[in-house]
Amino acid sequence: MPTPFRMYNFIDAPESRKEKRLIWAATRSVLENIGFLRNKNGKRSRSHWNLFVRLLNIFAFFLRITGHYQKGYGNAKTIRISEVTLGYPNLPAAFDGFRILHLSDLHIDSIPGFASIISKKIKKLEFDICFLTGDYRRDNSGSILQILKPFKILSKYIQAPFGTFAVLGNHDTFLMAQYESQSGLELLVNESVEIVKDGQKILVTGTDDPFSYYTEQALLSLDTRGYDFKIALVHTSELAKAASANKYDLYLCGHTHGGQICLKEGFPLVSHQFEGKNFNHGQWKVGKMIGYTSRGVGVSGMPVRFNCPAEVVLITLKKA
């Protein structure tokens with residue numbers, strides 16, 4: 001069933017939100033269609049994704065001839081539940097014990113039947129709210145029609161009493177905003193929503209992807225006031241310092257897959273992480289803000305994992 005609207009309220013008025021969405025869609029569509037990427041440092045460069053995929057194909061060939069490919073494929077379909085408890089002295093009392101389901105980097109069309117695999121893993125979990133932090137398709141361009149049916153399968157298992165919210169990643173397209181109702185998600189595009197429980201409120205802000213489609217609007221959306229407890233949803237850890245400076249308490253992201261293919265010591269061969277190795281996976285801290293980088297549910301480039309299991313994160317907030 002759809003989430004009751006009374007549980008959450010968008011900060012912007014409907015007309016203002018509609019106008020901002022139109023401006024965002026026009027901007028991102030240009031960035032996507034001309035094939036340029038823009039990061040938070042203002043640099044522009046053409047995507048090297050096709051080269052990366054070719055290198056992965058060479059690596060996949062060696063995995064096959066050495067007999068390791070099938071093991072890696074089996075690892076990719078094995079998802080763990082990571083349970084995390086975080087304590088905050090400023091958490092409103094009504095949210096003591098509040099449970100968050102965090103999913104990231106689904107790449108739901110990378111493995112046949114993957115939506116059903118995820119659904120079986122999470123269908124018995126109990127949570128109050130669900131957050132998805134980007135990268136829903138395998139490729140970073142092309143059609144999104146192939147992910148609509150899998151999302152419909154998954155959607156009924158991630159509906160939460162206080163809402164199911166998602167941000168976009170660098171593999172996603174602005175066209176996904178047209179399918180919010182079909183996917184059962186509320187997309188946050190440089191937007192904030194207040195979650196209401198027993199008359200008390202917390203704020204959730206979601207930004208557009210800063211890895212490939214950064215704009216100043218992402219930073220501006222984090223400039224919020226008037227809430228005791230705030231959560232930031234961003235595809236990458238790149239806006240962590242800005243969120244901390246704006247007194248966010250929890251920052252959830254993904255993007256790295258934890259490396260997806262790691263050495264036995266847990267060292268990722270490739271992480272696409274430029275903020276520091278402590279942001280590769282798991283819990284970290286910037287100032288007083290706690291962050292968590294998910295290893296991701298799905299796989300990118302090649303459907304294998306080694307020494308880096310996929311994860312669904314279940315976070316419980318406690319009043320310290």
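Where residues in the range 217-235 are at pLDDT 95 or above and among the polar types (S, T, N, Q), which of them is surrounded by the most Cβ atoms within 10 Å (Cβ to Cβ)? Among them, the one singled out is Ser221.
From the list Gly142, Gly72, the lone residue that is over 17 Å from the mean Cα position of the chain (by Cα), under 29 Å from Ser29 (Cβ atoms) and not charged (D, E, K, R) is Gly142. Tell me, yes or no, whether the range 146-154 has at least one residue that is in contact with a strand residue (DSSP E or B) (Cβ under 9 Å, 6 or more places away or on another chain) and of a type in the set (Lys, Arg). Looking through the range 146-154, none of the residues is in contact with a strand residue (DSSP E or B) (Cβ under 9 Å, 6 or more places away or on another chain) and of a type in the set (Lys, Arg).
Scanning the range 144-198 for residues that are free of Cβ contacts under 8 Å to residues at least 60 places away in the same chain, in contact with a Leu (Cβ under 9 Å, 6 or more places away or on another chain) and more than 20 Å from Ile11 (Cβ to Cβ) yields a total of 12. Each residue in the range 98-137 was checked for being surrounded by fewer than 13 Cβ atoms within 10 Å (Cβ to Cβ) and in a loop (DSSP other than H, G, I, E, B), and 5 pass.
Report whether or not Lys247 is over 18 Å from the mean Cα position of the chain (by Cα), at pLDDT 90 or above, farther than 15 Å from Phe211 by Cα and surrounded by fewer than 22 Cβ atoms within 10 Å (Cβ to Cβ). Before you say what the answer is, go through the steps one by one.
Values: over 18 Å from the mean Cα position of the chain (by Cα): yes; at pLDDT 90 or above: yes; farther than 15 Å from Phe211 by Cα: yes; surrounded by fewer than 22 Cβ atoms within 10 Å (Cβ to Cβ): yes.
Criteria met by Lys247.
In the set (1) farther than 24 Å from Lys123 by Cβ; (2) touching a Phe, Trp or Tyr at 6+ places or on another chain (Cβ under 6 Å); (3) modelled with pLDDT under 90; (4) not polar (S, T, N, Q), Met7 fails one condition alone, (1).
Scanning the range 148-192 for residues that are within 18 Å of Arg137 (Cα to Cα) and among the aromatic types (Phe, Trp, Tyr) returns Phe151, Phe165, Phe174, Tyr179.
Of the numbered criteria (1) over 28 Å from Leu86 (Cβ atoms); (2) without any contact (Cβ under 8 Å) to a residue 12 or more places away in the chain, the one Lys120 fails is (1). Here Asn170 meets the list (1) closer than 22 Å to Gly282 by Cβ; (2) at pLDDT 95 or above almost entirely, failing just condition (2). Scan the range 198-210 for residues that are buried (at least 22 other Cβ atoms within 10 Å of the Cβ) and part of a loop (DSSP other than H, G, I, E, B) and the total you get is 4.
Looking at this structure, is Ile108 over 14 Å from the mean Cα position of the chain (by Cα) and of a type in the set (A, V, I, L, M, F, W, C)?
Values: over 14 Å from the mean Cα position of the chain (by Cα): no; of a type in the set (A, V, I, L, M, F, W, C): yes.
Judged against the criteria, Ile108 is not a match.
The residue of the range 150-197 that is surrounded by the most Cβ atoms within 10 Å (Cβ to Cβ), among those that are among the β-branched types (Val, Ile, Thr) and under 15 Å from the mean Cα position of the chain (by Cα), is Val167.
The values are calculated or read from the model by the stated rules, or taken from the named source; none is laboratory data. Just so you know, these numbers come straight off a predicted model, no measurement behind them. FYI the Cβ positions are ideal-geometry reconstructions off the backbone, even for glycines, and counts take in every protein chain you see.
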